[in-house]
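Trainee: Sharing a structure with you now.
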Amino acid sequence: MTSSAGLAESSLRTPRRYGSLRRREAIMGYVFAAPWILGFVFFIAGPMLASIILSFTNWDLLSPIRFVGFGNYNKLLFNDPLLYQSLKVTSIYAFVSVPLQVALGLVLAILLNQKIKALSFFRSIYYLPSVIGGISVAIMWRWILGTQFGMVNTLLSYAGIEGPAWLGDPQWVLVSFIIMSLWGTGGAMLIYLGGLQGIPSELYEAADVDGAGPIPKFLRITVPMMTPVIFFNMIIGIIHALQEFVAPFVMTGGGPHNSSLFLVLYLYRNAFQMFQMGYASAIAWVLFIYIMILTALVVRSSAVWVYYEGSAKGR
């Protein structure tokens, strides 16, 4: 009787102990996740909620907040030509620079995926520029593209060519930023390298048996197998390009004649130069919606051109 009672009591304690252990594990999980949760609430979700509220107000940091409804959006969409100028500049920059970065990154990755001497050295050389960024890079490129003493125009003068005013001519300033954007292609190149090394070698061996040359192998094996990586780099590139700020802020300030007025720079002008916080918040949400629409279009199109291994029809 005693032994049977002990077994019954032990069987009752086991679920309790298991439940207590589960609770302790859950508590510890929340404790470890707390820094990220708090950071998300206070630095992402909180500011986003505050900005969408401010976008319906008029506030200059000194006067009391005044609710204006959709007044900021009405002015922004129907009475602000600078919004559409900044949207045009940002869109041209994104639609030109991102495909160039995608193509150049893939070409560099293919070249650096070959069996050559000092391969690690060359990979490091091409990747290092993507690590260096911010104001230092903008200042360096401002010197490289300088009109009178810039390195590019100096080299062109040796060949008897008079270089343009890269950053001072409205026709060339956006071209300058697009050229500068290729500086950070090494980041995408590194991701492409990982994708290339994941392609089964049996596919290339079968193509060699069939007598396929380099171009057919590239078009029929490499490109289809790399489409998920291309898709990823394209999405990330579009999001980053539409938020370009540091380079135009440091190098041109949006000039000449607003020909390099990117949307985030226009947002900065309204927020921290004219102190129109409500209007700047409305610009931020227009940019957010624009990014979401373009991202959704690219994601939607992926069903046509992105191939996933194991699925003959892609997505």
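The values are calculated or read from the model by the stated rules, or taken from the named source; none is laboratory data. Since this is a predicted model, take the numbers as computed values, not measurements. Please note: Cβ atoms are built from the backbone with ideal geometry, for glycine as well, and neighbour counts cover all protein chains shown.
Trainee: What is the number of the single condition among (1) buried (at least 17 other Cβ atoms within 10 Å of the Cβ); (2) farther than 24 Å from Leu100 by Cα that Thr154 does not meet?
Mentor: For Thr154, the failing item is (1).
Trainee: Tell me, yes or no, whether segment 114-130 has at least one residue that is modelled with pLDDT of 90 or more and touching a Phe, Trp or Tyr at 6+ places or on another chain (Cβ under 9 Å).
Mentor: No.
Trainee: Within the bounds of segment 160-167, is there any residue that is in the same structural domain as Thr222 (by TED's automatic domain parsing) and either touching a residue at least 60 places away in the same chain (Cβ under 8 Å) or part of a helix (DSSP H, G or I) (or both)?
Mentor: Scanning segment 160-167, I find at least one residue that is in the same structural domain as Thr222 (by TED's automatic domain parsing) and either touching a residue at least 60 places away in the same chain (Cβ under 8 Å) or part of a helix (DSSP H, G or I) (or both), so the answer is yes.
Trainee: Further question: Inspect segment 157-178 for any residue being within 25 Å of Gln85 (Cα to Cα), surrounded by 13 or more Cβ atoms within 10 Å (Cβ to Cβ), of a type in the set (Ser, Thr, Tyr) and under 19 Å from the mean Cα position of the chain (by Cα) and give the result as yes or no.
Mentor: No: segment 157-178 contains no residue that is within 25 Å of Gln85 (Cα to Cα), surrounded by 13 or more Cβ atoms within 10 Å (Cβ to Cβ), of a type in the set (Ser, Thr, Tyr) and under 19 Å from the mean Cα position of the chain (by Cα).
Trainee: Quick one: which helices (runs of 4 or more DSSP H) lie wholly within segment 173-217 and hold at least 1 residues that are touching a Gly at 6+ places or on another chain (Cβ under 7 Å)?
Mentor: Answer list for segment 173-217: 185-196.
Trainee: Out of the residues in segment 242-279 that are more than 21 Å from the chain's Cα centre (by Cα) and either part of a helix (DSSP H, G or I) or not assigned by TED's automatic domain parsing to the domain that holds Gln85 (or both), which is surrounded by the fewest Cβ atoms within 10 Å (Cβ to Cβ)?
Mentor: This residue is Gln273.
Trainee: Right, next: Has segment 142-150 got at least one residue that is of a type in the set (Val, Ile, Thr), over 30 Å from Thr227 (Cβ atoms) and in a helix (DSSP H, G or I)?
Mentor: yes
Trainee: Let me ask another. Picking from Ser281, Ser260, which residue would you name as being out of contact with any Gly (no Cβ under 7 Å at 6 or more places or on another chain), over 15 Å from Val102 (Cβ atoms) and in contact (Cβ under 8 Å) with a residue 40 or more places away in the chain?
Mentor: From the options Ser281, Ser260, the qualifying one is Ser281.
Yes/no per residue for (1) under 15 Å from Tyr93 (Cα atoms); (2) assigned by TED's automatic domain parsing to the domain that holds Met292; (3) not charged (D, E, K, R):
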residue	(1), (2), (3)
Val152	no, yes, yes
Trp172	yes, yes, yes
Ser201	no, yes, yes
Tyr204	no, yes, yes
Asp208	no, yes, no
Thr227	no, yes, yes
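Trainee: Right, here's the next one. I'd like the full set of residues that are more than 30 Å from Pro256 (Cα to Cα) and in a loop (DSSP other than H, G, I, E, B), limited to segment 79-123.
Mentor: Within segment 79-123, Leu112, Asn113, Gln114, Lys115, Ile116, Lys117, Ala118 qualify.
Trainee: Any residue in segment 105-126 that is assigned by TED's automatic domain parsing to the domain that holds Ser281, of a type in the set (D, E, K, R) and surrounded by 13 or more Cβ atoms within 10 Å (Cβ to Cβ)?
Mentor: yes
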